[in-house]
1. Within region 81-92, take every residue that is surrounded by 13 or more Cβ atoms within 10 Å (Cβ to Cβ) and of a type outside the set (A, V, I, L, M, F, W, C) and give me the one that is farthest from the ligand (Cβ to nearest atom).
2. Which one of the conditions (1) buried (at least 16 other Cβ atoms within 10 Å of the Cβ); (2) assigned to a loop (DSSP other than H, G, I, E, B) does ASP63 fail to meet, given that it meets all the rest?
3. Criterion first (of a type in the set (A, V, I, L, M, F, W, C) and assigned to a strand (DSSP E or B)) does LEU84 satisfy it?
4. Give me the pairs: first residue in region 62-88 and polar (S, T, N, Q), second residue open to solvent by 60 Å² or more (accessible area, probe 1.4 Å), beta-carbon distance under 8 Å, and six or more apart or on different chains, which are they?
5. Restricting to region 93-114, and then to whatever is within 9 Å of the ligand (Cβ to nearest atom) and not in a strand (DSSP E or B), can you tell me which residue is least open to solvent (accessible area, probe 1.4 Å)?
6. Please state which of the following conditions VAL31 fails to meet, knowing it meets all the rest: (1) in contact (Cβ under 8 Å) with a residue 40 or more places away in the chain; (2) closer than 18 Å to GLN94 by Cα; (3) of a type outside the set (Phe, Trp, Tyr).
7. Determine the pairs where a residue that is acidic (Asp, Glu), located within region 8-19, has a partner that is open to solvent by 70 Å² or more (accessible area, probe 1.4 Å) with Cβ atoms under 8 Å apart, the partner being 6 or more residues away or on another chain.
8. Anything in region 1-47 that is touching a Cys at 6+ places or on another chain (Cβ under 8 Å) and modelled with pLDDT under 95? List them, or say none.
Amino acid sequence: MADCLFCRIVAGEIPADIVAENDGAVAFRDVNPVAPTHALVIPREHLENVAEIAAKASATLGDVLGLAAEVAAKEGIAETGYRLVANTGRDGHQTVFHAHVHVLGGRSMGWPPG
Ligand code: AMP
């Protein structure tokens with residue numbers, strides 16, 4: 001989608017600090033990190049949220065979650081632990097409507113989340 005920020009990152013039209021990629025997904029550092037490690041894993045295909053990935057491209061879920069695990073390993077947080085977050089819709093405070101999973105780690109996470 002021409003007017004989608006994350007589609008433009010996938011296309012290389014907007015710069016991003018790419019951490020890892022595979023056939024179906026791309027991971028890059030969040031521009032406004034809230035933890036020592038904060039990356040976003042997104043499907044290459046434009047899908048609005050994780051539910052839409054599951055409904056329309058379920059194989060891509062494996063690409064996204066597999067890449068999240070790879071990012072955690074690369075960042076050295078696989079052993080200490082990390083959090084995957086997929087904000088969805090208004091109450092989930094989703095602000096970019098191209099599906100993404102936040103990979104957060106490098107510090108202890110609070111619970112419950114705000
Ligand atoms: P969400 O609120 O779950 O939709 O998360 C969207 C995330 O995208 C936020 O954490 C933003 O900081 C991040 N973000 C927005 N624009 C960019 C960008 N150009 N490069 C990297 N991350 C971005």
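The values are calculated or read from the model by the stated rules, or taken from the named source; none is laboratory data. Because the structure is a prediction, the values reported are computed rather than measured. With ideal geometry, Cβ positions are generated from the backbone for all residues, glycine too; neighbour counts draw on all protein chains shown. Keep in mind that these areas ignore ligands, DNA and RNA; they rest on the heavy atoms of the full protein, side chains included. Shrake-Rupley method; radii C 1.70, N 1.55, O 1.52, S 1.80 Å.
1. Going through region 81-92, the residues surrounded by 13 or more Cβ atoms within 10 Å (Cβ to Cβ) turn out to be 82-88.
When the remaining residues are screened for being of a type outside the set (A, V, I, L, M, F, W, C), the result is 82-83, 87-88.
On the way: TYR82: 15, ARG83: 13, ASN87: 3, THR88: 8 Å.
By that ranking, first place goes to TYR82.
2. The number of the failed condition is (2).
3. Yes, satisfied.
4. Partner pairs satisfying both residue conditions: ASN87/HIS93; ASN87/THR95; THR88/ALA51.
5. HIS98
6. (1)
7. ASP17/ARG29
8. The answer is MET1, and nothing else.
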